[in-house]
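**Student:** Please find one structure pasted underneath; my questions will follow.
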Amino acid sequence: MSFDKLGETLAASAVFSALGLVVFGIAFFLMVKLAPFSIRKEIEEDQNTALGIIMGAVILGVALIISAAIHG
């Protein structure tokens, strides 16, 4: 990679990172709002490990989808 395209590459990376974070935030917000129970209460107070694992898997899945969409 030459230095003449470095600025363009950095700008594109910043835009795609910001777009990915926005989509990820919207997906997480929807998961919290659509759940029929309080996710925070279940994980923090009730120590629901299974829900924590499921939420982590969903977050990883959304992140992989966003990454694949950005990468092409």
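**Student:** Collect residues whose amide H, placed 1.01 Å from N in the peptide plane, falls under 5 Å from the amide H of ASN48; neighbours closer than 5 in sequence don't count.
**Tutor:** The answer is ILE43.
**Student:** Still on this structure, I have one more. Quick one: divide the alpha-carbon radius of gyration of the chain by 2.2 N^0.38 Å and tell me what you get.
**Tutor:** So the chain has a normalised radius of gyration of 1.51.
**Student:** Next question, about the same structure. By how many degrees, between 0 and 90 and to the nearest 10, does the Cα long axis of helix 49-71 differ from the longest principal axis of the chain?
**Tutor:** The angle comes out at about 20 degrees.
**Student:** Could you go through the range 4-14 in sequence order and give the Karplus-derived ³J(HN,Hα) for each residue, using 6.51 cos²θ - 1.76 cosθ + 1.60 with θ = phi - 60°, rounded to whole Hz, and x for Gly and Pro?
**Tutor:** 6, 9, 5, x, 5, 5, 5, 5, 5, 5, 5
**Student:** Let me ask you something else. What is the calculated FRET efficiency for ALA68 to LYS33, with r their C-beta to C-beta distance and R₀ = 30 Å, to the nearest 0.05?
**Tutor:** With R0 = 30 Å, the Cβ-Cβ based efficiency is 0.75.
**Student:** Counting helices only, and only those DSSP H runs with n ≥ 4, report the 222 nm mean residue ellipticity of the chain as the sum of -39,500 (n - 2.57) divided by its residues, in deg cm²/dmol to the nearest 500.
**Tutor:** Roughly -25500 deg cm²/dmol at 222 nm, from the helical runs in the chain.
**Student:** Residue by residue, what Karplus-based ³J(HN,Hα) values in Hz, rounded to whole numbers, does the range 21-29 have, using 6.51, -1.76 and 1.60 with θ = phi - 60° and x for Gly and Pro?
**Tutor:** Listing the rounded values in order: 5, 5, 5, 4, x, 5, 5, 5, 4 Hz.
Readers should treat all values here as calculations from the given coordinates under stated rules, not as data from a laboratory. Given the structure is predicted, the values throughout are model-derived calculations rather than measurements. Virtual Cβ from ideal backbone geometry, glycine too; neighbours counted across all protein chains shown.
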